[in-house]
Structures are given as structure tokens and as C-alpha cells.
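The structure appears below as C-alpha cells.
The values are calculated or read from the model by the stated rules, or taken from the named source; none is laboratory data. Bear in mind the structure is a predicted one, so any value in this text is a computation, not a measurement. Positions of Cβ are backbone-derived with ideal geometry, glycine not excepted, and every protein chain shown enters the neighbour counts. Note: areas computed on protein heavy atoms with side chains; ligands, DNA, RNA excluded. Shrake-Rupley method; radii C 1.70, N 1.55, O 1.52, S 1.80 Å.
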Amino acid sequence: LNDFLMPEIEGRNLHDIWFQQDGATCHTARATMDLLRSRFGEQFISRLGPVDWPPRSCDITPLDFYLWGYVKSKCFVDKPATIEALEAKITEVISKIPTEVLERVIQNWCLRMDELQRSCGQHLKGIIFKK
């Protein structure tokens, strides 16, 4: 957070933003939570944070239900030989995701939110990302 994220936020002149992380216990160490509170105030979503993130929430996280699988499927086709090559490929793949695909991800996320509300927070068995 201190070495990359905070300098990036400042370098991009981002002031009124929200920070979101999942509920992994390694993300909620006292020092981490103190740092997030000092930087984001009430504008962060985390287990034990001002906006609580639900446990087992991979069904509602676009990074989990879409992005990581998509990026992995594209990045490892060429089998990058170095960390630098992998980082470059990840950056390339993410930058080339078509806007229409991202719009469908958001539409799918809205469906997931509706289903979560209907099911009172149960796992989403019938919701998938459709191409």
C-alpha cells in the first residue's frame, strides 16, 4: 500500500475515491486498517471497515468472477518466461479489454446484486458471466 498504491493515487491526483478489498484476514491487520482509515476515512470497503465486505463474496467481485480468469486465459497462452514479461502481458491484456465487455461485466454485476438481494445473501448458483 505504501510503496505502490498511495504514491499512484497521489501521482494521478485522485482525491475523492473509494478503496475496496476483500475480507481476507491478511488484509485486515491492525496496521493495514489504520492506514486505510487514515487515507480513506469512511470511504473504504473491507471486512471490519466502515463499509463491511461480506465473507465469501467472490460471487459479487468483478475481479474474481471475471477479470482474473480472463487475464489468466490470455496471459499464459504465450507462457511468459520472466516476471517482467508476465507483468507486461497483464498490462497489455487489461488495456485491450473492449468497452463492450466491461459493460457486460457491469450488467452481470447488477444481476448478481439483484439475485443476492432476493436470496438474502446466499451463494449465487445460477448466475454466470455470459459472452
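Just give me the residues in the stretch 13-40 being among the charged types (D, E, K, R) and either part of a loop (DSSP other than H, G, I, E, B) or touching a helix residue (DSSP H, G or I) at 6+ places or on another chain (Cβ under 7 Å) (or both), in sequence order.
Quick first cut of the stretch 13-40, residues among the charged types (D, E, K, R) only: 16, 22, 30, 34, 37, 39.
Selection gives Asp16, Asp22, Arg39.
Among the residues of the stretch 77-87, are any among the hydroxyl-bearing types (Ser, Thr, Tyr), modelled with pLDDT of 85 or more, open to solvent by 60 Å² or more (accessible area, probe 1.4 Å) and part of a helix (DSSP H, G or I)? Steps first, please.
Within the stretch 77-87, the first condition is being among the hydroxyl-bearing types (Ser, Thr, Tyr), and the residues that meet it are 82.
Applying the additional criterion that residues be modelled with pLDDT of 85 or more yields 82.
From the residues that got through so far, the ones that are open to solvent by 60 Å² or more (accessible area, probe 1.4 Å) too are 82.
So of that shortlist, the ones also part of a helix (DSSP H, G or I) come out as none.
No, every residue in the stretch 77-87 fails to be among the hydroxyl-bearing types (Ser, Thr, Tyr), modelled with pLDDT of 85 or more, open to solvent by 60 Å² or more (accessible area, probe 1.4 Å) and part of a helix (DSSP H, G or I).
Tell me, please, whether a residue that is hydrophobic (A, V, I, L, M, F, W, C), open to solvent by 30 Å² or more (accessible area, probe 1.4 Å), at pLDDT 85 or above and under 30 Å from Cys120 (Cβ atoms) can be found in the stretch 94-108. Steps first, answer last, please.
Applying the first criterion (hydrophobic (A, V, I, L, M, F, W, C)) to the stretch 94-108 yields 94, 97, 101-102, 105-106.
When the remaining residues are screened for being open to solvent by 30 Å² or more (accessible area, probe 1.4 Å), the result is 94, 102, 106.
Checking which are at pLDDT 85 or above leaves us with 94, 102, 106.
Right, trim to under 30 Å from Cys120 (Cβ atoms) and you get 102, 106.
There is at least one residue in the stretch 94-108 that is hydrophobic (A, V, I, L, M, F, W, C), open to solvent by 30 Å² or more (accessible area, probe 1.4 Å), at pLDDT 85 or above and under 30 Å from Cys120 (Cβ atoms).
Of Val71, Val101, Val77, which residue is in contact (Cβ under 8 Å) with a residue 12 or more places away in the chain and not polar (S, T, N, Q)?
Numbers: Val101 fails: in contact (Cβ under 8 Å) with a residue 12 or more places away in the chain; Val77 fails: in contact (Cβ under 8 Å) with a residue 12 or more places away in the chain.
It is Val71.
List pairs: first in the stretch 33-46 and surrounded by 15 or more Cβ atoms within 10 Å (Cβ to Cβ), second of a type in the set (Lys, Arg), Cβ under 9 Å, 6+ apart or cross-chain?
Sorted first by the residue in the stretch 33-46, then by its partner, the pairs are Phe44/Arg37.
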